[in-house]
Amino acid sequence: MIGQTLRHYRIDSKLGEGGMGVVYRAFDTHLDRAVAIKVLRPDAVASSERKRRFVQEAKSASALNHPGIVHIYDIDTADLPQGPTDFIAMEFVPGKTLDQCIGKSGLSLKDTLKYGIQIADALARAHAAGIVHRDLKPANIIVSDDGRVKLLDFGLAKLTEKTDDDPDATTATMGAEETPQTEEGTIVGTVLYMSPEQAEGKKVDGRSDIFSFGSVLYEMVTGQRAFAGSNKISTLSAILHKEPKAASEISPSVPTELEKIIARCLRKDPERRAQGIADIKLALEELKEESESGKVSGQVASARPFDRSHGCLDAVSPSQPEWLPW
């Protein structure tokens, strides 16, 4: 693909690869700006119904126009020598993914709250518009060079949901060979961060994103995943039946208030879980105010210093290129 042109986008370099396709850095020759181009796998839009649903969801996501959500510029198909190629052109964000920032030691309390509030704010905007992310994870969250958070891939997981009028639909978020199925339906999302209702193949709403957000918060403060088995099946079992170790047992300096917020997000039953991400955002903002006033102290043990030159912890080698693995 390098050197080829998709419509008026010149492909310059590869940024990363994921279950839905390959992402490239490209140059928009019409507007003279750098963009990110996600080239979708052919099987991701295998039927006209799946493609219609994807375009509809992507249009909804592009209309969000929120500073914490990567903006979608274009959805199109280009005729290349290898055949018709579906792609998405989106905002290019220099920075690192949140999983690169977290590393093995977790983030400081200050940065956990800073990023957590921004993530919750972006999710609240999407949920208010009726859009559920379905695949929230550190690898889908960018921390820009100036410390701003951007969420990726809104609506892409929707493409993998099977409907009665779409018999050819398959799971594609992780790749068909990587995503288990249950008796009740098809699992959509990344196993490590999915909600129990996702793990059972049930219909999901914004509360599913809240569970995933709790898993992300847990990892931010501990450097460890809330649910991680030896394989995907054992991880699914943990999500459905086990409670994660208390964050303070891993990092004793995690404030009790933050631990309670995480626990509210990670309740198995969506009816007992926090019902709105806006409420979680408010709780994090209040905790941040208390922390800054000195009423709450604590920084994750062994967390590394904040690297302001990159906008997040310097969790990767300086020699490693700073591309975004979408």
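Kindly evaluate Val221 against the criterion of being part of a loop (DSSP other than H, G, I, E, B) and touching a residue at least 12 places away in the same chain (Cβ under 8 Å).
no
So is Gly201 surrounded by fewer than 19 Cβ atoms within 10 Å (Cβ to Cβ) and part of a loop (DSSP other than H, G, I, E, B) or not? Lay out the reasoning, then the answer.
On the way: surrounded by fewer than 19 Cβ atoms within 10 Å (Cβ to Cβ): no; part of a loop (DSSP other than H, G, I, E, B): yes.
Criteria not met by Gly201.
Inspect all residues belonging to segment 222-238 and state whether any of them is at pLDDT below 90, surrounded by 24 or more Cβ atoms within 10 Å (Cβ to Cβ), among the aliphatic types (A, V, I, L, M) and over 23 Å from Leu113 (Cβ atoms).
Looking for residues that are at pLDDT below 90, surrounded by 24 or more Cβ atoms within 10 Å (Cβ to Cβ), among the aliphatic types (A, V, I, L, M) and over 23 Å from Leu113 (Cβ atoms), one finds none in segment 222-238, hence no.
Here are some residues: Leu40, Leu15. Which one is touching an Asp or Glu at 6+ places or on another chain (Cβ under 6 Å) and hydrophobic (A, V, I, L, M, F, W, C)?
Leu40
Out of everything in segment 240-279 that is under 18 Å from Lys110 (Cβ atoms) and of a type in the set (Val, Ile, Thr), what residue ends up being surrounded by the fewest Cβ atoms within 10 Å (Cβ to Cβ)?
Thr256
Scan segment 79-91 and tell me whether some residue there is at negative phi, of a type outside the set (A, V, I, L, M, F, W, C) and touching an Asp or Glu at 6+ places or on another chain (Cβ under 8 Å). Steps first, please.
Start the filter on segment 79-91 by keeping residues that are at negative phi, which leaves 79-82, 84-91.
From the residues that got through so far, the ones that are of a type outside the set (A, V, I, L, M, F, W, C) too are 79, 81-82, 84-86, 91.
Okay, now just the ones that are also touching an Asp or Glu at 6+ places or on another chain (Cβ under 8 Å), so 85-86.
For segment 79-91, residues at negative phi, of a type outside the set (A, V, I, L, M, F, W, C) and touching an Asp or Glu at 6+ places or on another chain (Cβ under 8 Å): present.
Since Ala172 meets every condition but one in (1) touching an Asp or Glu at 6+ places or on another chain (Cβ under 8 Å); (2) modelled with pLDDT of 80 or more; (3) surrounded by 21 or more Cβ atoms within 10 Å (Cβ to Cβ), which condition does it not meet?
The number of the failed condition is (2).
Scan segment 91-104 and tell me whether some residue there is without any contact (Cβ under 8 Å) to a residue 60 or more places away in the chain and more than 30 Å from Pro255 (Cβ to Cβ).
Yes: one or more hits.
Assess whether Gly214 counts as being within 21 Å of the chain's Cα centre (by Cα) and at positive phi.
no
On the basis of being modelled with pLDDT of 90 or more, under 15 Å from Leu151 (Cα atoms), surrounded by fewer than 20 Cβ atoms within 10 Å (Cβ to Cβ) and more than 16 Å from the chain's Cα centre (by Cα), does Lys114 make the cut?
yes
The values are calculated or read from the model by the stated rules, or taken from the named source; none is laboratory data. This one's a predicted model, so the numbers in the text were calculated from it and none came from an experiment. Cβ sites come from the backbone with ideal geometry, for glycine too, and all protein chains shown count toward neighbours.
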